[in-house]
1. For C:Lys576, state whether it is surrounded by 10 or more Cβ atoms within 10 Å (Cβ to Cβ), charged (D, E, K, R) and in contact (Cβ under 8 Å) with a residue 60 or more places away in the chain.
2. Please state which of the following conditions A:Leu57 fails to meet, knowing it meets all the rest: (1) under 26 Å from B:Met61 (Cα atoms); (2) more than 9 Å from chain B (Cβ to nearest Cβ); (3) touching a residue at least 40 places away in the same chain (Cβ under 8 Å); (4) not charged (D, E, K, R).
3. Which residue is surrounded by the most Cβ atoms within 10 Å (Cβ to Cβ), if the candidates are limited to segment B:47-65 and must be out of contact with any His (no Cβ under 8 Å at 6 or more places or on another chain), more than 7 Å from chain A (Cβ to nearest Cβ) and not hydrophobic (A, V, I, L, M, F, W, C)?
4. Those residues that are under 30 Å from B:Asp96 (Cα atoms) and among the aliphatic types (A, V, I, L, M), I need them from segment C:587-640; list them, please.
5. So which residues in segment A:116-167 are under 26 Å from B:Ile7 (Cβ atoms) and outside any helix (DSSP H, G or I)?
6. Can we say B:Thr15 is facing chain A (nearest Cβ under 7 Å), buried (at least 18 other Cβ atoms within 10 Å of the Cβ), of a type in the set (Val, Ile, Thr) and within 15 Å of A:Ile68 (Cβ to Cβ)?
7. Which of the residues spanning segment B:22-44 are within 11 Å of the chain's Cα centre (by Cα) and more than 7 Å from every other protein chain (Cβ to nearest Cβ)?
Amino acid sequence: METIIFYILSLVILVFSVLTVTTKKILRAAVYLLFVLGATAGIYFMFNYNFLAAVQLTVYAGGIVVLIIFSILLTHQINTDLDKINIKKIALGIISSGLGIFLVLSTLNNHHFEASNKQATDSTIHGIGRALLSYSDNGYILPFEVISVLLLATMIGAIIIAKKVEE
Amino acid sequence: MIEGISIHHILTVTTIMFFIGAYGFLTRKNLITMLMSIELVLNAVNINFVAFNKYLYPENMQGHFFSMFIIGIAAAEAAVAIAIIINIYRNIHSIDVEDIEQMKY
Amino acid sequence: MEFSYTIYIALIPFAVFVINGLFGSKIKESFTGYLGVAGMVVATYLSYFTAYHYFFKVGKAVDGAYQKVIGFNMEWLRFTESLHIDIGVLLDPISVMMLVVITTISLMVHIYSLGYMKGDKGYSRFFAFLSLFTFSMLGLVVATNIFQMYMFWELVGLSSYLLIAHYYQKPSAVAASKKAFIVTRFADLGFLIGILILSYLTGTFDFNILCNPEGPAFMQSSSAVFLGLSTMGWALILIFMGGAGKSAMFPFHIWLPDAMEGPTPVSALIHAATMVVAGVFLIARLFPIFAIVAPNALEVVAVIGGFSSIFAAVIACTQTDIKRILAFSTMSQIGYMMLALGVSGYGAEAGLGFMASMFHLFTHAMFKALLFLGAGAIIHAIHTNNLSEMGNLRKYMPIPHITFLIACLAISGIPPFAGFFSKDEILVAAYNHNQIYFWVEWIVAGLTAFYMFRLYFGIFWGKEKKYDHTPHDAPFSMTFPLIFLAIASAIVGFIPFSNFVTSDGLPFDIQMHWEIALPSIGIAIFGIIVAFVFYKKESDLPNRAVASFGSFYKYALNKFYFDELYLFVARKVIFKRFSSPIAWFDRHIIDATMDGVATITNYIALKIKGLQSGQLQQYASVFVSGVLLLIVIFIYLISV
């Protein structure tokens, strides 16, 4: 059962990823991206990382995609078809991507990963919250604080950059 | 751990997803679609982190937290990128990456 | 008695220069002139005060010799324990005498310029540079060490250059200033090398040590001999080369006649009374070394001086520009001074030549400044320099006439005017040393009297010429210096100079040598009579005399073609044989190499600048390709 779900999710991810980067309508691309992100959240669910999946859905699907759609609207791109891309560029992209896929996959297949049998740790919200605020080993208080400062800086920076300059 | 699925399966999917994102970044001319491509790349990496965490080191949650921080930073990056895109659009009435070439020789 | 105030004698003109130079265009024009005069009055008072105290109060040591007093000293640049350059004030008989001469003449010239330069466009600039010159000259004579002297020496050259080029719209003035600067600069090269050799040999710049040849500094000095002269002798000759350049001695004399392009007060101050005697002063300052260590070098000084004096005197007889006549006369008189130094020995009675040289420097400054200022008054009145356009001016300009006559008598050596006494001492010294020098100078004395009275009769007597407007007498600001200097020219000869300025500081008494004085008076009177016969009334006698001299006259008129010779050497030999090939090499080899490098760089840059396209995706493609390439290399090609 889980195997089938994983294959379905994988299929969704790959198909909509391809569509995201090839479709002519920009709004559709955003929607396809939304599907990819949703499927990714599904994979997190399958890993039993429920909190991460929830974050993926709220931040990515709910936040970033909405932000992208807003910017599409703000830059009046909603009805325009995207320009044709010249064939040389596509060829270059396909060659380098294909070569990359080939190289990485062949390397991966030659490598044997030692699966661990250890007991999984507590991945409930309670455990995550403790880990985030702990400053012992396996505690993440420092990056947590740093990223909070980063988000604040980003907020201010984004407002300053996008603000209309007074003439 | 997902029953019946080895780590190779997951890594295969994320590798393909990663290079689809890279392809989009190399070919798309519109800045917003390029941004979407970057999101694809980030997602592929996120899944990788989680998979490694789950399959190889389940006793710790490092991969999980790494993913979480990447999501946070991706949000920040998207916000700044979109602010820049809007500003560029306001200045040159285009968000075509090929029109942004003031930094050339 | 402290002498530290003497520093202000030099600093006051400098302050005036700064004020006039910086704010000359802001303040009222006439004020700049009065400021200059006021500054000079103070400086003159201070130097007279200094002279009084030095000569009559505190200068003498217990043994009766005049001491060298350091009035002020400041270490400026230290190289080693013993070798350092100072800035200071050194007072000894010659520097105090020079202080008096410079401030007096400079004050008179300042006052004179109030009238002479009135209405000139560069009025405040002129006064600024005049103050700069005075400052430099004062700094030169009070220098405590040879390096300070060299610095002020160059400053003097600079201010001379600036003042000659006062009428800078006139191409001839610009050319003259450049010529003066370059010729003296060339000579100064020798001076500098001489200083370096001298300080290398003795390890000091300080005059107090240098002028003590028995001192330790000279003990270990090298005895290497080159072309018959020791290293020290060559160093001194090189130093004399600098002095010859400033003092317009043969063969560096060519700049002096051209320097007359400057305003006449400048000629009086710089090119007659003060700057051109800097060379004499230099030799006098280093006289103990010359006299004791290298008498050969002193002989060179004498020969050059003697030759210059007769050479210039001959040329002066033929010139028609009155200022040029005076310029050649200056050169001739400085030749006298050089010769007197050259024939002098060291010590009281033996140092008669030294004392005579300084005496002549003193008197010459008075009457030559007077002659120039008088000539300036005439030029001011009739706007020409040319002797043939003058005549019978005595009834229009009585004061310049009388003063000019006094100056002519003084320079000709007629008693009781000043020139007689100093010239007599020189002739005595020359006679005692070598009779050839005496006879040369005796002839020069006659020539001097002749050309001076040719000038006098030509200007004030003879047939009246047509003038643009009736010549007017000079204003009081111009006649006052004339009268003052005329009185000075008449009486300064009675100063018992040997009681004050001697080679070793010990005063001595001199006697009148009538067996030498009478022939020199005789030939002077003879010269005057010849001039009287030739030029009192217009006649064809001069022309007949010219004809009898033939081509010699032509050579003299053209200053023996020395300008042409130098130009020939410079243009045809140095420029063509050395400078042009070097210039060609510079332009076609060195510059071409640099240009070639630049061109190649530029070419390559143009070819590869396309890489910097500004296209983000291009950069990304390259980046991705690079990463993939590295993967291929490290995983499949190397690690296997």
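1. no
2. Status for A:Leu57: all satisfied but (3).
3. Step one: filter segment B:47-65 for residues out of contact with any His (no Cβ under 8 Å at 6 or more places or on another chain), giving B:47-48, B:51-52, B:54-65.
If we keep only those that are more than 7 Å from chain A (Cβ to nearest Cβ) as well, we get B:48, B:51-52, B:62-63.
Then keep just the ones that are not hydrophobic (A, V, I, L, M, F, W, C); that gives B:48, B:62-63.
Details: B:Asn48: 21, B:Gln62: 14, B:Gly63: 23.
Of everything passing the filter in segment B:47-65, B:Gly63 is surrounded by the most Cβ atoms within 10 Å (Cβ to Cβ).
4. Taking segment C:587-640 and keeping what is under 30 Å from B:Asp96 (Cα atoms), we get C:605-629.
The answer is C:Ala605, C:Leu606, C:Ile608, C:Leu611, C:Leu616, C:Ala620, C:Val622, C:Val624, C:Val627, C:Leu628, C:Leu629.
5. Listed by number, the residues that qualify are A:Ser116, A:Asn117, A:Lys118, A:Gln119, A:Ala120, A:Thr121, A:Asp122, A:Ser123, A:Thr124, A:Asp137, A:Asn138, A:Tyr140.
6. no
7. Once the filter is applied, which keeps residues that are within 11 Å of the chain's Cα centre (by Cα) and more than 7 Å from every other protein chain (Cβ to nearest Cβ), segment B:22-44 yields B:Met34, B:Ile38, B:Val41, B:Leu42, B:Ala44.
Quick grid of which residues meet (1) at pLDDT 85 or above; (2) assigned to a loop (DSSP other than H, G, I, E, B); (3) over 21 Å from A:Leu27 (Cα atoms):
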{"position": "A:Asn79", "(1), (2), (3)": "no, yes, no"}
{"position": "A:Asp83", "(1), (2), (3)": "no, yes, no"}
{"position": "A:Lys89", "(1), (2), (3)": "yes, no, yes"}
{"position": "A:Ile94", "(1), (2), (3)": "yes, no, yes"}
{"position": "A:Ser97", "(1), (2), (3)": "yes, no, yes"}
{"position": "A:Gly100", "(1), (2), (3)": "yes, no, yes"}
{"position": "A:Leu103", "(1), (2), (3)": "yes, no, yes"}
{"position": "A:Ser106", "(1), (2), (3)": "yes, no, yes"}
{"position": "A:Glu114", "(1), (2), (3)": "no, yes, yes"}
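The values are calculated or read from the model by the stated rules, or taken from the named source; none is laboratory data. Keep in mind it's a predicted model, so treat the numbers as computed, not measured. Methodologically, a virtual Cβ is constructed for each residue, glycine included, from the backbone with ideal geometry; neighbour enumeration extends over all protein chains shown.
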